[in-house]
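In what follows, a structure is listed as structure tokens, so that the remarks can point back to it.
The values are calculated or read from the model by the stated rules, or taken from the named source; none is laboratory data. All figures in this text were calculated on a predicted structure; none of them were measured in a lab. Cβ atoms come from the backbone with ideal geometry, glycine included; neighbour counts cover every protein chain shown. Please note that ligands, DNA and RNA were not included when accessible areas were found on the heavy atoms of the full protein model with its side chains. Shrake-Rupley method; radii C 1.70, N 1.55, O 1.52, S 1.80 Å.
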Amino acid sequence: YTNEGKLAKADHICRDYLQRKPHDVEAMRLLAKIALELYIFEDAEFLLESCLVFDPNNIKVKHDYITTLLRRQKYGLALKTAKELYETSPEELVAMKLYATTLFRADIYDESINLFETVLQIEPRNTDVMLTMGHLYKTDGQIEKSIDSYTSAFSMDKYFGDAYWSLANLKTYKFNEKQIKSLQEMVNDEFVPDEEKVFMYFSLGKAYEDMGKYKESFNFYKSGNEYQKSNSSYSNKNFSEECKNQITVCTEDLFSIKKDWGCDAKDPIFVLGLPRAGSTLTEQILASHSMVEGTHELPNILAIAHKLNLRKAQDEESRYPDILLSLSEPQLKVIGENYISDSEVFRTDKPYFIDKMPNNFRHIGLIHLILPNAKIIDIRRNSMAGCFSCYKQLFAEGQEFTYGLEDLASYYNDYVELMDHWNKVLPNKILSVQYEDLVADLDNQVRRILDYCELPFEQNCIEFYKSKRAVKTPSAEQVRQPIYKEGLDYWKNYEPYLGDLAKNLKY
């Protein structure tokens with residue numbers, strides 16, 4: 001059932017089995033894996049902690065436990081556990097790699113790089129480590145070293161698709177003729193696995209884009225997306241239904257009755273919208289302010305929503321978002337407090353922090369109920385430009401609505417209609433920022449954003465590109481440069497091939 005994606009069924013079978021054999025470590029590991037798939041990180045963590053009570057030296061369990069802590073953004077505990085595992089088994093490569101990965105995720109780059117270099121001395125042909133080091137250097141702004149690492153990876157293994165895409169995903173690298181020829185030969189080779197070809201299709205899309213050959217470029221992007229879509233279970237009908245449920249449940253009455261019930265912290269600034277719409281730029285502007293901590297795309301709100309959905313009451317109707325109707329004042333307060341405490345690992349002494357998970361727009365009702373004083377910024381881009389930018393981006397995980405032009409149009413329409421609802425039932429709560437306005441009039445838009453966040457003006461926010469902070473999203477290199485106005489209408493180069501998108505977009 002797990003392999004077939006029938007996770008709820010697998011969950012029930014595991015729980016039934018564990019009632020009969022409560023100390024079966026492998027069954028608990030499997031249940032933890034299912035919980036991770038369902039974003040129920042807290043349950044996965046508890047199950048694996050229990051496994052370690054019964055079998056404290058099980059390296060597989062420790063590996064899963066540390067991985068789960070990383071997913072929960074509990075970097076302090078993950079680092080402590082990974083360090084202990086490494087120090088007790090320094091000769092174990094698994095322990096060394098896991099500790100190096102944990103250091104990376106905790107933004108401790110120098111130590112992570114040193115440890116991965118040791119791994120490469122032991123395994124000089126380990127292309128996965130070369131790829132990871134490329135990501136490390138990219139995040140830290142060391143672009144030349146990043147390019148060298150990615151190039152080394154596919155020089156060692158010419159079929160390593162992710163290394164090519166990682167280069168393309170720098171947005172500033174241009175493939176040479178020899179590399180393009182090699183990529184073309186491989187995508188036409190029936191013996192190259194499709195899962196590697198998908199990276200190559202997107203890489204060729206970028207290569208031909210850089211040459212100004214937009215028809216060929218689009219066809220490669222289309223091939224990559226078609227493969228992704230064939231392996232996706234995304235349904236725009238289900239997403240539309242989800243948005244309608246939010247609109248039905250989260251009414252003015254709900255917010256009026258439960259006004260100020262949640263945690264009263266003013267710390268979070270949520271930056272949300274569609275991916276590739278300008279959220280990283282908005283984050284970089286805010287994180288350049290002396291009072292604001294830039295963090296990551298935190299999965300915490302999505303995890304809370306998943307947990308509320310799975311932990312339903314006895315009657316089947318009581319699921320998220322319906323469960324918001326029945327949550328009490330103490331419950332909402334505790335959920336909000338837990339969100340704040342879970343974010344502390346990213347923070348220093350700055351009074352505010354950013355959560356820039358774009359998909360949080362689906363959960364603004366939940367956010368407002370648990371954190372009524374949080375700031376929410378909706379960054380929006382021209383629909384054709386924003387949707388096409390998503391279409392040509394191969395996301396590491398999630399964002400499955402980007403694999404088809406009709407799905408993209410449907411998702412964008414639902415996003416606009418849901419945001420219209422939030423603005424109606426929460427008047428003056430959300431700041432709407434148009435990406436094109438931000439690019440055209442940076443000074444005034446930055447002042448508008450800072451005013452909304454109740455922050456004093458700082459020139460660093462205008463000169464955001466001078467910030468040395470690590471950036472982990474695909475826009476990392478773009479936000480280290482001044483604003484580039486020429487890219488606003490870039491999608492028009494592809495307009496002849498975007499009929500399905502234009503036809504289905506309402507906004």
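Within the range 236-253, the set of residues being surrounded by 13 or more Cβ atoms within 10 Å (Cβ to Cβ) and either assigned to a helix (DSSP H, G or I) or under 24 Å from the mean Cα position of the chain (by Cα) (or both) comprises 236, 239, 240, 242, 243, 244, 245, 246, 247, 249.
Scanning the range 54-66 for residues that are surrounded by 17 or more Cβ atoms within 10 Å (Cβ to Cβ) and in a helix (DSSP H, G or I) returns 61, 62, 63, 64, 65, 66.
Taking every residue in the range 228-249 that is over 19 Å from residue 323 (Cβ atoms) and modelled with pLDDT of 95 or more and pairing it with any residue that is of a type outside the set (S, T, N, Q) and not in a helix (DSSP H, G or I), at least 6 positions away or on another chain, the pairs with Cβ-Cβ distances below 6 Å are 229/404. Is the range 284-291 home to any residue that is open to solvent by less than 20 Å² (accessible area, probe 1.4 Å) and within 15 Å of residue 415 (Cα to Cα)? No; the residues of the range 284-291 include none that is open to solvent by less than 20 Å² (accessible area, probe 1.4 Å) and within 15 Å of residue 415 (Cα to Cα).
In summary, residue 306 fulfils each of the numbered conditions (1) crowded, with 20+ Cβ neighbours inside 10 Å; (2) under 18 Å from the mean Cα position of the chain (by Cα) with the single exception of condition (1).
Residue 481 satisfies every condition listed in (1) within 30 Å of residue 132 (Cβ to Cβ); (2) at pLDDT 90 or above except (2). Would you call residue 240 touching an Asp or Glu at 6+ places or on another chain (Cβ under 8 Å), over 19 Å from residue 389 (Cβ atoms) and of a type outside the set (Phe, Trp, Tyr)? Spelling it out, residue 240 is indeed touching an Asp or Glu at 6+ places or on another chain (Cβ under 8 Å), over 19 Å from residue 389 (Cβ atoms) and of a type outside the set (Phe, Trp, Tyr). If the condition is being open to solvent by less than 60 Å² (accessible area, probe 1.4 Å) and among the β-branched types (Val, Ile, Thr), then the range 172-218 contributes 180, 187, 192, 198. If you check every pair at least six apart or on different chains, which have Cβ atoms under 6 Å apart with a residue in the range 54-81 that is farther than 17 Å from residue 296 by Cα first and a residue that is open to solvent by 60 Å² or more (accessible area, probe 1.4 Å) and not in a helix (DSSP H, G or I) second? Qualifying pairs under 6 Å: 54/23.
Would you check which residues across the range 128-150 are over 24 Å from the mean Cα position of the chain (by Cα) and of a type outside the set (Lys, Arg) and list them? Passing the criteria: 144, 148.
Candidates in the range 433-470 are the residues that are open to solvent by less than 30 Å² (accessible area, probe 1.4 Å) and touching a strand residue (DSSP E or B) at 6+ places or on another chain (Cβ under 6 Å); of these, the one that is nearest to residue 107 (Cα to Cα) is 453.
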